[in-house]
Amino acid sequence: MFDFGFWELVIVGVVALLVVGPERLPGLARQIGRWVGKIRRFVTTVKSDIEQELRTDELKKMLEDQEREIGRLKTMMESTEEDIRQEVDKTTESVKLMEAELRQNGPATDFPKPAQAQPPKPTAAKTKTPTKTSQSKPTKTSQSKPTKTAKSGGKAVKAKNVD
């Protein structure tokens, strides 16, 4: 704050010694020390108050920013809520219209009620399996009927049984 060097303080001390005198100089030095201490405490207090006010202002700005953000989110939520309500109302109206139409026209087809519905009867597939596969006799159907085969000339010729 004050730019006093060592030699400047020596000059101030010599002048004070000459003006006040050697017997009152220690009391004056104590009193000056007290005043300097009080001034320092006052400056420190003022400085801390200013810093606290600055922090308070910063906090107030942050709080205002947060309040604005909350307001924006609240507005967005309200608009979303209104959109949802409108969609629910539309859906409710279309359900009511469908119910009225069904009451007016009746059901399109008569479906059996669950108590009247009959489950399908299981059908068992009956198959005979030959017990002797190596000694089975050829069936009559494969031997008795001649089959027709086509030749390259386009005429059908009966095949002969070969026994």
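Just so it is clear, none of the values below were taken in a lab; they were calculated from the coordinates. Source: prediction; values computed, not measured. Cβ: placed from backbone, ideal geometry, glycine included. Neighbour counts: every protein chain shown.
Could you check the simple spin-label distance between Ile11 and Arg41, using points 7 Å along Cα→Cβ, in nm with one decimal?
Using points 7 Å along Cα→Cβ, the separation is 3.3 nm.
Can you compute the equivalent ellipsoid semi-axes for the stretch 20-104, i.e. the square root of 5 times each eigenvalue of the Cα gyration tensor, sorted largest first and rounded to whole Å?
80, 7, 4
Let me spell out the model: positive unit charges on the Cβ of Lys and Arg, negative unit charges on the Cβ of Asp and Glu, origin at the Cα centre of the stretch 4-107. What dipole size does that give, in debye rounded to 20?
1320
Of Met76, Thr45, Val88, which is farthest along the charge dipole of the stretch 20-104 in the positive direction, counting Lys and Arg as +1 and Asp and Glu as -1 at C-beta?
Working it through, the farthest residue towards the positive pole turns out to be Thr45.
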